[in-house]
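Structure first, then comments.
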Amino acid sequence: MSAEGYVLGVDVGGTFTDIALVRLSDGHAYFHKTSSTPTDPSAAVAEGVQALLNRSEVDPAHVKYFGHGTTVATNAVITGRTARTALITTAGFRDVLEIRRQRQPHNYDIRIDKPAPLVPRHLRKELRERVYLSNDAPAAPDLGPLEDMIAEFKAQGVEAVAVCFLHSYVRPEHEALVARALRDRYPEAFTCSSHEVLAEFREYERCCTTVLNAALGPIMSRYLDRLESRAAAIGLVPPRILQSNGGVASPREAGAKAVRTLVSGPAAGVTGAAQIAAAAGVPDIITFDVGGTSTDVCLIENGRPLVARQRDFHGYPVRFPMIDVHSVGAGGGSIAWVDEGGFLRVGPQSAGADPGPVCYARGGDLPTVTDANVVLGRLPAGALLGGTMRIDAALARKAIEERIASPLRLSVEEAAEGILTILNENMIRAVRVISVEKGYDPRNFTLVAFGGAGPLLASALARELGIARIVVPLHPGLLCAHGLLVADARADFSLSRLGGLREIGASGLNAGFAELEASAAEWFQREAVAVPRRRVERSLDLRYFGQSHELTIAVPGGELRDDALPVLLERFREEHLRVFGYAPNGSVQVVTYRLSAHAPVAGAPKREPGFTGDHDPVVGSRRVHFQEGGGFIDCPILDRSRLAPGHELKGPAIVEQMDTTTVVLPGQVASVQPGGILLLTFA
């Protein structure tokens with residue numbers, strides 16, 4: 001076995017689990033793709049990792065780093081399989097989770113159902129305590145009723161308890177006192193308090209985020225325990241878990257802050273795409289990650305992904321910094337169906353990994369996007385994944401004919417094209433959410449296509465959006481796994497302290513950041529980050545007095561002086577002008593201090609040089625259906641492993657590799673760039 005050093009990345013998706021093993025000395029990569037195991041995702045991880053280590057003849061002891069992206073938290077929220085959770089809050093505020101905000105989920109339907117609170121009312125308990133924003137003396141919590149509450153929680157089978165007091169972001173002592181008592185008297189329950197999860201004002205969002213963290217804590221902790229045990233059995237180092245902010249954390253930290261892994265899987269792809277695009281000199285990109293179940297898109301400007309401070313997950317607002325990935329239920333496994341009005345629909349339901357698309361011949365009978373691509377010849381009729389997954393084209397054709405074509409009185413090819421057209425419209429809407437709706441023109445960006453189906457579908461999407469260039473990475477179907485290898489360890493800290501910017505002054509700002517820096521130092525210590533590798537970035541949420549929304553403005557490091565205030569004011573006004581189109585000269589209010597702590601945890605592997613192109617890349621041809629070509633066209637099939645840098649080809653063409661298929665439309669030109677990147681442009 002090899003004595004070289006390696007890094008390992010594993011990304012678990014809804015359909016497939018992707019694994020990348022990279023040699024540090026020269027960037028040579030080994031990849032493996034296996035079906036996910038939804039009932040216990042760690043089983044597919046262990047099986048796939050062991051298979052890849054055996055095939056590559058790498059000793060597990062030589063794996064220096066193990067990064068992992070997971071959808072466990074996301075799936076728990078979507079399916080409603082969270083832990084039974086209780087809430088302890090300030091007297092008079094037990095119904096915050098039901099009162100919510102005055103905003104309606106839909107402007108024109110006041111009767112629309114809202115998601116049920118994660119904690120039923122009988123498990124929402126109140127304690128008499130109060131912290132005042134005025135100078136009134138606080139009232140310490142009365143712990144007398146706590147014993148009865150714990151007895152009821154045990155009788156009700158409560159697995160997790162959230163503690164959220166009204167103004168704990170100002171003074172966390174009351175929450176800390178109750179949380180400590182709960183951990184002492186009810187150690188079998190997962191306990192978290194809001195000042196540990198989100199020390200910010202706005203009680204509804206803070207309470208909802210804390211409750212969701214509690215509801216996910218036992219689920220995530222059990223999964224991470226199984227994963228660590230399986231990794232140890234193989235002989236691997238403990239995994240590092242990717243968070244929604246694009247950074248990794250230890251299993252202990254990820255289990256305690258489970259809510260921060262809700263965008264773990266999609267964040268891995270964004271991290272990998274940003275690194276590849278930066279190396280290629282393309283700083284402004286839109287990532288297009290299409291798997292079997294969903295499509296995830298994100299906008300990256302000047303090499304940095306856009307960050308969202310709050311998102312709704314299945315109707316629940318969650319507030320913390322996260323990569324602004326927008327997801328829609330549109331992927332290779334998305335099911336095509338005809339609704340009651342006789343209209344063709346695609347998704348959001350997915351065939352998933354089991355039974356999968358009809359063409360997989362695993363018992364599925366509902367036509368999917370993958371089946372449509374098989375019928376149109378864009379995917380091979382024999383096998384996928386380098387010949388390891390058999391494809392039955394006859395089954396795919398039969399399903400589309402019976403379920404779609406006959407009811408709509410279309411030919412099978414017209415029905416298949418219709419499926420892809422509807423899917424493309426769903427994807428276009430997703431891209432517009434992260435670009436046009438945020439003031440960005442997608443035509444000014446390069447589309448980076450990855451995931452198992454991204455390169456298959458990217459050209460049609462780019463054509464409709466007017467995007468001129470598409471980048472297809474060397475291993476697009478496994479980029480999420482590769483992205484885990486370049487992620488830093490990261491944690492985000494925040495603290496709400498409202499006041500006028502001029503009144504607070506430089507000394508007040510320094511004091512606020514000092515509190516966050518102390519928390520960051522504790523985190524660095526827990527994560528065993530050496531001092532030379534520690535990095536922090538500071539920012540402030542600012543707004544004009546009277547506004548109810550904030551803008552985040554970067555703040556330079558070091559001790560701030562009074563002459564820094566005019567610079568911050570000018571940056572705020574410039575950003576306000578960019579976002580809203582105006583910037584008055586009114587007084588500015590400080591709302592929240594923010595600090596991001598990060599550090600590299602794995603030496604970045606050298607870039608793989610790409611393929612050599614020693615042989616003729618054309619390995620055959622088949623009939624492929626293109627609407628713009630008037631029907632079926634004899635189309636060359638190329639093996640991507642034989643495409644060397646400098647090679648250029650004109651569409652139509654199909655480029656195949658183990659982990660994906662790239663469609664080059666008529667009128668497109670594909671050229672191989674240094675490092676093996678495939679660049680698609682419209683002639």
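Here the range 183-195 is the region considered, the condition is being part of a helix (DSSP H, G or I) and without any contact (Cβ under 8 Å) to a residue 24 or more places away in the chain, and the residue that is farthest from Ser496 (Cα to Cα) is Asp184. Looking across the range 545-562 at every residue that is within 21 Å of Leu198 (Cα to Cα) and in contact with a strand residue (DSSP E or B) (Cβ under 7 Å, 6 or more places away or on another chain), the one that is surrounded by the fewest Cβ atoms within 10 Å (Cβ to Cβ) is identified as His549.
Taken as a whole, the structure leaves Arg429 outside the set of residues that are among the charged types (D, E, K, R), modelled with pLDDT under 95, assigned by TED's automatic domain parsing to the domain that holds Arg534 and assigned to a helix (DSSP H, G or I). Among the residues of the range 281-297, are any among the small types (Gly, Ala, Ser) and free of Cβ contacts under 8 Å to residues at least 40 places away in the same chain? The answer is yes, given that some residue of the range 281-297 is among the small types (Gly, Ala, Ser) and free of Cβ contacts under 8 Å to residues at least 40 places away in the same chain. A single entry from Leu53, Leu8, Leu87, Leu21 fulfils the requirement of being at negative phi and assigned to a helix (DSSP H, G or I): Leu53. The C-beta contact set for the range 503-526 (first residue farther than 22 Å from Val588 by Cα, second residue assigned to a helix (DSSP H, G or I), distance under 9 angstrom, 6+ apart or interchain) comprises Trp523/Glu253; Phe524/Val531; Phe524/Arg533; Arg526/Arg252; Arg526/Glu253.
Each residue in the range 588-613 was checked for being farther than 30 Å from Glu515 by Cα, surrounded by fewer than 19 Cβ atoms within 10 Å (Cβ to Cβ) and either under 27 Å from the mean Cα position of the chain (by Cα) or at pLDDT 65 or above (or both), and 5 pass. In the range 334-359, the residues that are more than 19 Å from Arg409 (Cα to Cα) reach residues that are aromatic (Phe, Trp, Tyr) and modelled with pLDDT under 90 with C-beta atoms within less than 8 angstrom, at least six apart or across chains, in these pairs: Ala353/Phe16. Against the condition modelled with pLDDT under 95, under 24 Å from Gln349 (Cβ atoms) and crowded, with 18+ Cβ neighbours inside 10 Å, how does Gly477 come out, does it pass? Against the criterion (modelled with pLDDT under 95, under 24 Å from Gln349 (Cβ atoms) and crowded, with 18+ Cβ neighbours inside 10 Å), Gly477 qualifies.
The rows are residues; the columns are (1) surrounded by 24 or more Cβ atoms within 10 Å (Cβ to Cβ); (2) out of contact with any helix residue (DSSP H, G or I) (no Cβ under 9 Å at 6 or more places or on another chain); (3) part of a helix (DSSP H, G or I).
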{"position": "Asp142", "(1), (2), (3)": "no, yes, no"}
{"position": "Val158", "(1), (2), (3)": "no, no, no"}
{"position": "Leu166", "(1), (2), (3)": "no, no, no"}
{"position": "Ala181", "(1), (2), (3)": "no, no, yes"}
{"position": "Glu205", "(1), (2), (3)": "no, yes, yes"}
{"position": "Leu216", "(1), (2), (3)": "yes, no, yes"}
{"position": "Ile219", "(1), (2), (3)": "no, no, yes"}
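In the range 1-33, the residue that is modelled with the lowest pLDDT out of those that are over 14 Å from Gly272 (Cβ atoms) and among the aromatic types (Phe, Trp, Tyr) is Phe16.
Checking each residue in the range 511-555 for being in a strand (DSSP E or B), out of contact with any Lys or Arg (no Cβ under 8 Å at 6 or more places or on another chain) and aliphatic (A, V, I, L, M) picks out Val536, Leu542. When we screen Ser229, Ser244, Ser250 for residues that are surrounded by 24 or more Cβ atoms within 10 Å (Cβ to Cβ) and of a type in the set (Gly, Ala, Ser), the only hit is Ser244. Within the range 563-583, the set of residues being out of contact with any strand residue (DSSP E or B) (no Cβ under 7 Å at 6 or more places or on another chain) and not acidic (Asp, Glu) comprises Ala564, Leu565, Pro566, Val567, Arg573, Leu577, Arg578, Phe580, Gly581, Tyr582, Ala583. A single member of Ala137, Ala116 is assigned to a loop (DSSP other than H, G, I, E, B), under 13 Å from Val211 (Cβ atoms) and free of Cβ contacts under 8 Å to residues at least 12 places away in the same chain, and it is Ala116. Between Leu474, Leu485, Leu498, Leu479, the distinction of being assigned to a helix (DSSP H, G or I) and not acidic (Asp, Glu) belongs to Leu479 only.
Selection over the range 520-533 of residues that are among the charged types (D, E, K, R) and buried (at least 16 other Cβ atoms within 10 Å of the Cβ) gives a count of 1.
The values are calculated or read from the model by the stated rules, or taken from the named source; none is laboratory data. Since the model is a prediction, treat every value here as computed from it, not as a measurement. When we count neighbours, we look across all protein chains shown, and the Cβ atoms used for this are built from the backbone with ideal geometry, even at glycine.
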